[in-house]
Amino acid sequence: MKLRQIAVPVIAIVIFLVLWEALVWVMGWPNYKMASPSDLVPAYLRYWNLFLIMGWQTLWRTVIGLLVAIVFGTALGMIMGFSRTMRDALYPLLVGFNAIPKATVVPIIALMFVGLHDFNTVLIAFMISFFPIAVSVSIGLSTLEPEYRDILRSLGASQSTIFWKIALPKTLPEFFGALKVSVTLAFIGTNLMEIVSPHGRGLGALFDSGKTNSDYPLMFAVLIALAFLGIVLYYVVVALEKVFAGWAERAPG
Amino acid sequence: MTDLIQIKGVRHAYQTATGPLPVLDGLELSVPEGGFVAVVGPSGCGKSTLTRLVAGLMKPDQGEVWLHGERVKSPRSTVGMAFQNPVMLEWRTILKNVMLPLEIVPTKLSKAQQEERARYLLELVGLKGFEDKRPSELSGGMRQRASLCRALVHQPEVLILDEPFGALDAFTREDLWQIMHQVKAKEPFTGVLITHDLRESIFLADQVVVLSGRPARTQFTLDVPSDGPRHLDMLYTPEAADMLHTLRHQIEIAQGRTGAEALV
């Protein structure tokens, strides 16, 4: 990676923080109205061990939820991609399910599996993030040009050979596009559950305790920590995309 | 000698919302071993259906398709196909694209021999030096040449070309016609070429078959006298002009434009 590729986003983040700091300073906001970046530093220093523990809990539950979403979403996408009937049958259900605000589902799930905090959190992360994956895989498979199929079928290849050699790799760019959306969605899901659940864990619970104790800089610090985790996971996906679907990227210009 | 490809009395209809749509009706076609037949006809007359029948990708409602004395009922690895869309696998290099059929078809060649054969074919079509490039780095004509190599790599008995040069510009197309002749000299095959281009049909094929409008039957057959290698100049001879004129006339009949007197 070139220096430029690292420097540009870092400079952009620094500029953002400076503007934020300046805005709070110029407006003269107290930190309970709007904390500034300089308020966050003491919050991180004071609670660094909590941030590590809670951050890890949020991260692993999000990643597990995302992995389940990948497996389930890909399987569902395959079913809908290969069968027109299944596509017609499942799309309305899927769209309807996705249209339900997950914030309303959180208390239902929390009651349904009361006490199973890890399970609930993973479940919501999964529920909120599988939709883009399922849709992209199904579209990728159903729009496979018939010639691609014919070129292998005319040689006597089986359906599964066609899937592994052509359909799957050809769908990867769409899949990774969807995964980038799903990553951020999964974080939203995890945090919804962490904030709403009594005796929750993770960064969401830390946010909630900041609220209870009127520690406003802590609340902002949690938001920034979440943003940081989101960025990290996003770039993990970008790196995987480079490895598995780097061919789809054209040289710019 | 029996013909390598024989199509006897084939009828086929597609099921549509408004009832069956007959596309082929009494199609007869035979291609001797090493022969190269071009099939021309109006748009939508069932030419592509014909290629799918020969490739065993579908079965006709009635009639028989024979390949090398065997009735075609399912896909067979002795067929190579190239389409108007070169269908390159973008995630593979050109070399790996060409080698794709060898991953499906049983082969006695070792990995090294497979690669050697793919490289040899790429050199034959003038793509030496592009083996490790991605398809997206190649022009349309080059992709089509790679597609041709892929269709030939497993030494198929029959090469089916479904308008392979249709999307190329005129000069690139002429280049590829000449490459086809070079390839056929080194790698003999029995070919069926579907095309809309009458000049292409007489330049490449030994026999041109005109199909009637839908539902298609064999309407007219023209033998192209062949004596050794052909050059593009051949297209500018009076004989070629006569052939083109005859074919043009037959196409008009197939399109139903000249009325009853033309059928005499």
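The values are calculated or read from the model by the stated rules, or taken from the named source; none is laboratory data. Keep in mind that this is a model prediction, so the values were computed, not measured. With ideal geometry, Cβ positions are generated from the backbone for all residues, glycine too; neighbour counts draw on all protein chains shown. Each accessible area value is taken on the protein alone, full model and side chains, heavy atoms only, with ligands, DNA and RNA left out. Shrake-Rupley method; radii C 1.70, N 1.55, O 1.52, S 1.80 Å.
Work out the P(r) tail for region A:82-122: percent of alpha carbon pairs separated by more than 13 Å, whole number. Considering region A:82-122, 63 percent of its Cα-Cα pairs are separated by more than 13 Å.
Find the centroid of the Cα atoms in region A:147-170 and in region B:207-250, then give the distance between the two in whole Å. Their Cα centres are 36 Å away from one another. Measuring only protein heavy atoms, the 1.4 Å probe finds residue B:96 accessible over about 100 Å². Over region A:30-78, the Kirkwood radius and the radius of gyration, each from Cα atoms, give a ratio Rg/Rh of 1.30.
Buried accessible surface for the A/B pair, both sides summed and rounded to the nearest 100, is 1900 Å² with a 1.4 Å probe. Normalised radius of gyration (Cα atoms, divided by 2.2 N^0.38 Å) for chain A: 1.21.
Of the two radii for region B:88-155, the radius of gyration is 0.93 times the Kirkwood radius, both from the alpha carbons; that is the Rg over Rh value. When the Kirkwood radius is taken over all Cα pairs of the protein assembly as shown, what Stokes-Einstein diffusion coefficient follows at 4 °C and 1.567 mPa s, in µm²/s? For the chosen part, D equals 47 µm²/s.
A compact globular protein would have a Cα radius of gyration near 2.2 N^0.38 Å; the ratio found for region B:25-183 is 1.07.
Region A:1-67 and region B:26-63 have their alpha-carbon centroids 67 Å apart.
For region B:35-63, accessible area lost to neighbouring protein chains reaches 20 Å² or more, against the chain alone with a 1.4 Å probe, at B:52, B:57. For residue B:191, the amide hydrogen comes within under 5 Å of the amide hydrogens of B:35, B:36, B:37, B:159, counting only partners 5 or more places away or on other chains and with H modelled in the peptide plane.
Beyond 27 Å, the tail of the calculated P(r) for region B:98-253 holds 30 percent of the Cα pairs.
Would you mind checking the pairs B:108/B:184; B:111/B:133; B:47/B:186 and listing those with alpha carbons more than 26 angstrom apart? Result: B:47/B:186 exceed 26 Å.
At a probe radius of 1.4 angstrom, the accessible area of region B:68-133 per residue rounds to 48 square angstrom. Of the chymotrypsin sites (Phe, Trp or Tyr not before Pro) found in region A:93-130, those in coil by DSSP whose Cβ has at most 13 other Cβ atoms within 10 Å are A:113. Helix content alone sets the calculated 222 nm mean residue ellipticity of chain A: runs of n ≥ 4 DSSP H residues at -39500 (n - 2.57) each, divided across all residues, give -27500 deg cm²/dmol. Determine the distance separating the Cα centre of region B:191-205 from the Cα centre of region B:135-155; give it in Å without decimals. Computed from Cα coordinates, the inter-centre distance equals 19 Å. For residue B:120, the accessible surface of its heavy atoms amounts to roughly 90 Å² (probe 1.4 Å, protein chains only, rounded to the nearest 10). Here residue B:96 and residue A:46 are evaluated by their C-beta separation; at R0 = 56 Å the FRET efficiency comes out at 0.50. Here each label is just a point 7 Å from Cα along the line to Cβ, and for residue A:211 and residue B:167 those points are 5.4 nm apart.
Each other residue within a Cβ distance under 10 Å of residue B:4 adds +1 if Lys or Arg and -1 if Asp or Glu, for a net charge of -3.
Remark: mean inter-chain Cβ contacts per residue of B:71-83 equal 3, using a 10 Å Cβ-Cβ cutoff to other protein chain atoms. Here the label points at residue A:114 and residue B:14, each 7 Å from Cα along the C-beta direction, are separated by 6.0 nm in the simple model.
Scan chain A and note any complete DSSP helix (H) whose C-alpha atoms cover at least 24 Å along its axis and whose Kyte-Doolittle average is -1.0 or more. Both cut-offs are met by A:3-27, A:48-82, A:117-142, A:168-196, A:216-245. Take the Cβ atoms of residue A:86 and residue A:13, set R0 to 56 Å, and the FRET efficiency comes out at 0.80. Counting only DSSP beta bridges with both residues in chain B, tell me the antiparallel percent, nearest 5. Bridges in chain B are about 55 percent antiparallel.
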